Amino acid sequence: MTTTAGPPAAPGAQPSAVPRGEPAGPRARRLLRAVPPIWLVLAAVILLIAWRNPTFVEPAPFLAFLRRCAPLAVLAAGQVFVIIAGEFDLSVGALVTAVVVVAARLSDGDAAHTWWLIPLLLAAGALVGLVNGLVTTRLRVPSFIATLGMLLVLSGAVFLWSGGAPRGSLADNFRQFGRFGVELPGLGQLPYAVLTLTAVGIGLWLLLSHSRFGHQVYAAGGNPQAAALSGVDVRRVRTAAFVISGLSAVVAGILLGGFTGVTAEAGAGYEFQAIAAVVLGGAVLGGGRGSVGASVAGALTLQSVFTLLNLLGLAKSLRDAVQGLIIIGAAAYAAHRLRRSG
Amino acid sequence: MRRPMRYRLAVLGAAVLVAAAGCTSTAPEEGDDGPAGSGTGQQSSFFVQADYDRQIAQRDTAPTGPADQPWMQAINPQLVDTAKHKKSGRHTICFSNAAVNNPWRVVGWTTMQAEAKLHPEIATLTAVDAEGKDDKQISDIDGLLASKKCSALIVSPNTTAALTPAVEKACQANLPVIVFDRGVNTTCPVTFIHPIGGYAFGATAAEFLTSKVKKDGKILALRILPGVDVLETRWSAAKVIFDKSDVDVVGVEFTDGDAAKVKTIVNDYLERYGSIDGVWMDAGATSVAAAEAFEDAGQQVPAITGEDQQDFLRLWQDKKLTAVAPTYPTYQWRTPIIAALDILAGKQVPKEWVLPQPTITQDNLSRYLLPQLPPLHYALCGCEQMPGFPQNWGGNQ
């Protein structure tokens, strides 16, 4: 392997061996092919947005765009572990809602509670992931059903506990993660959410692409029998993947709650958006394939498509249809590219 | 090179599709201060001029009944005789509820239960929740009728057309039927209880903006979703007002009631137009998110409309917003219980019981701020004097 192509934030790209001394044209094309296709789709959508609205690519608006992408991107970065391991996690949307509603009720707007609230929420998220994992691996309930059940349990419990209307409010120092940022001279505000996304993204990328555990995740999803025979504890690896997804849902919930404030349906629909983002990023449902970087790119693409269609001023019905077409087209393109390079 | 050609074509096709879709619907580009707005678009197919005119007039009509109990008041009541429904003894009141799936209905349902407890002549209040499904509500009503225990039946229909046959069937079962909130396409219920309505709501909000926003000021209208009658009436009334005024409606967007989408949309409009001078909302649940989007962009919150939820009222007070809050009062959930008992006592009730629909303005804002109540509580519950207040509504003592 002489070159590893693609930006560092694009792990999981199939590294291609490029022989030296090749003519420039085919070599550039081959380099380009090594970039996960979703980054090209994302770049195309961002270029279209910039064409309609040049201010979009200025630092401040672009950082604001990244801030509102952050919750979905974090969610996708966690979900991809579960997908690669060959399972689904449908409970993340309900977990996001639970985080927002529970945080509001427990803290009741008191800033002094934030320091213990966040570890508590993370622990709860890990517990939800652990239960998802154990039910899937030990009780052998298909994860589609296990996590769908968890979705219903969580949303039912939240409804019961809050009586349908969330109580309390989120303290400003809790909300700052999703709402505010560090002032940078000349650039405006660097949102905490973007910093969080960067940290979570790099951390999960290292874990997935540069650790023994990461290889085991791919192995557990790609070929569980072979993985088990070569000494991988498939059940434990899959359970750990659910825990990572649960933790990422809590982080996403903190960012989203910070961004929007208390709502009763904060995370509604996020489970499918997260899965869509992961698939857009080239992951294969059924396991064995995918990457953190491309999943984040998938999340950014979903959000930028929404922004683009908004900008074009399409009617709502047409907008939904075009959004669906773009998602299917991008996923087909990504799958096509993967077949070629794989 | 067969395959690369094919995917290049596919990408090209997608790009063309997006570009073409953009071209066919871009707004007329004119004017000097950036791109021109999309305007208010076509009038809604739900718009009925006579209903609009009536509701606009009803806003200024003094209701009959006790002024301190608006849930007992009625606007232009046409009383009907109910002697044939008179019944002695204690009653079982049955209630088919469309759903308890949002904070507005949670507050209302809590209030209705509290109202039922105030009346010793009610033995039980039997309620069935249709969970927002027409088919479930139809079978719920069938079940209540089959039980033959109901002295009176209260229905809060999930949708108008689908529930009409079920309500007609209940009328034929020879028990008094009371409909409230959304209506049905039949006059067979003894009474239909509702606040003035969506035209009044939307017009009040729009008139406030046209009075506060300067000439050619840019207005963004945020709607939850299209095609729902109660929301279409609000927007269609606002459209009438905006079209008559000199403000520029730069966008009408659907938000699905999602706070994150609201912030995203407002942010996009601020990038596109630099500033926005007024925000019209068809419901108040995401008004706070809209206001925060301006704060996050480092701008002053412009004139904005909301509803009577506490989070909005608090923000209004704290940040000294230029705001107005038309309401769709939750106290209407008290009235059906009162009406049922009046009917069972043989007292006259209004055929159409139109409740007043107050507006919260800067002058009466402090009256509706209830610091001990949760952020999504609706202030116009008429429940402050009821037993169990505020803890049953989620508040602190």
(Q) Out of the residues in region B:260-273 meeting the condition of being hydrophobic (A, V, I, L, M, F, W, C) and open to solvent by less than 10 Å² (accessible area, probe 1.4 Å), tell me which one is farthest from the other protein chains (Cβ to nearest Cβ). (A) B:Val266
**Q.** Checking B:Thr126 against (1) among the β-branched types (Val, Ile, Thr); (2) in a loop (DSSP other than H, G, I, E, B); (3) in contact with a Ser or Thr (Cβ under 9 Å, 6 or more places away or on another chain), the condition it does not meet
**A.** (2)
(Q) Filter region A:174-186 down to the residues that are outside any helix (DSSP H, G or I) and surrounded by 16 or more Cβ atoms within 10 Å (Cβ to Cβ) and list them by number. (A) A:Phe180, A:Gly181
Q. Which members of region A:187-196 meet the condition of being surrounded by fewer than 17 Cβ atoms within 10 Å (Cβ to Cβ) and in a helix (DSSP H, G or I)?
A. A:Leu195
Q. Got a sec? Which strands (runs of 3 or more DSSP E) wholly within region B:275-352 have at least 1 residues that are within 26 Å of A:Phe65 (Cα to Cα) and open to solvent by 30 Å² or more (accessible area, probe 1.4 Å)?
A. none
Q. For region B:372-387, which residues satisfy the criterion of being free of Cβ contacts under 8 Å to residues at least 40 places away in the same chain and not polar (S, T, N, Q)?
A. B:Glu384
Q: Would you mind stating whether B:Ala170 is without any contact (Cβ under 8 Å) to a residue 60 or more places away in the chain and either part of a strand (DSSP E or B) or open to solvent by less than 10 Å² (accessible area, probe 1.4 Å) (or both)?
A: yes
Q) Pick from A:Leu122, A:Leu75: which is under 24 Å from A:Gly258 (Cβ atoms), open to solvent by 20 Å² or more (accessible area, probe 1.4 Å) and touching a helix residue (DSSP H, G or I) at 6+ places or on another chain (Cβ under 9 Å)? A) A:Leu122
Q | Pick from region B:90-132, criterion within 14 Å of another protein chain (Cβ to nearest Cβ) and acidic (Asp, Glu), ranking: most open to solvent (accessible area, probe 1.4 Å) | A | B:Glu131
Q. So B:Ile360 fits all but one of (1) within 14 Å of chain A (Cβ to nearest Cβ); (2) free of Cβ contacts under 8 Å to residues at least 60 places away in the same chain; (3) not charged (D, E, K, R); what number is the exception?
A. (1)
Q. Mind checking which residues of region A:46-72 are within 11 Å of chain B (Cβ to nearest Cβ), in contact (Cβ under 8 Å) with a residue 40 or more places away in the chain and open to solvent by 20 Å² or more (accessible area, probe 1.4 Å)?
A. A:Leu48, A:Arg52, A:Ala60
Q) Among the residues of region B:353-372, which ones are farther than 20 Å from B:Arg105 by Cβ and part of a helix (DSSP H, G or I)? A) B:Leu365, B:Ser366, B:Arg367
Q. Given A:Ala157, A:Ala165, A:Ala226, A:Ala171, which one is surrounded by fewer than 21 Cβ atoms within 10 Å (Cβ to Cβ) and modelled with pLDDT under 90?
A. A:Ala171
**Q.** Yes/no for A:Gly290 being open to solvent by less than 20 Å² (accessible area, probe 1.4 Å) and outside any helix (DSSP H, G or I)
**A.** yes
Q: Name the residue, out of A:Ala104, A:Ala111, that is under 27 Å from B:Asn102 (Cα atoms) and modelled with pLDDT under 95.
A: A:Ala104
Q: Return yes when B:Gly257 is facing chain A (nearest Cβ under 8 Å), buried (at least 19 other Cβ atoms within 10 Å of the Cβ) and in a loop (DSSP other than H, G, I, E, B) and no when it is not.
A: yes
Q.
Filter region B:63-81 down to the residues that are touching a residue at least 60 places away in the same chain (Cβ under 8 Å) and more than 15 Å from B:Thr191 (Cβ to Cβ) and list them by number.
A. B:Pro63, B:Gln69, B:Pro70
Q: Specify which of the listed residues (B:Ala221, B:Ala237) is of a type outside the set (Lys, Arg), touching a residue at least 24 places away in the same chain (Cβ under 8 Å) and not in a helix (DSSP H, G or I).
A: B:Ala221
Q) How many residues are in contact with an Asp or Glu (Cβ under 8 Å, 6 or more places away or on another chain), open to solvent by less than 10 Å² (accessible area, probe 1.4 Å) and over 17 Å from A:Leu154 (Cβ atoms) when one looks only at region A:229-259? A) 1
(Q) Cβ-Cβ distance below 6 Å, separation of 6 or more or different chains: which pairs start in region A:177-198 with a residue that is farther than 15 Å from B:Asp296 by Cα and end on one that is in a strand (DSSP E or B)? (A) A:Leu184/A:Leu190
Q) Restricting the search to region A:230-248, which residues are out of contact with any Gly (no Cβ under 6 Å at 6 or more places or on another chain), part of a helix (DSSP H, G or I) and among the aliphatic types (A, V, I, L, M)? A) A:Val234, A:Val237, A:Ala240, A:Ala241
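The values are calculated or read from the model by the stated rules, or taken from the named source; none is laboratory data. Everything numeric in this text was worked out from a predicted model, so none of it was measured. Here Cβ is always computed from backbone atoms with ideal geometry, including for glycine, and neighbour counts include all displayed protein chains. Each accessible area value is taken on the protein alone, full model and side chains, heavy atoms only, with ligands, DNA and RNA left out. Shrake-Rupley method; radii C 1.70, N 1.55, O 1.52, S 1.80 Å.
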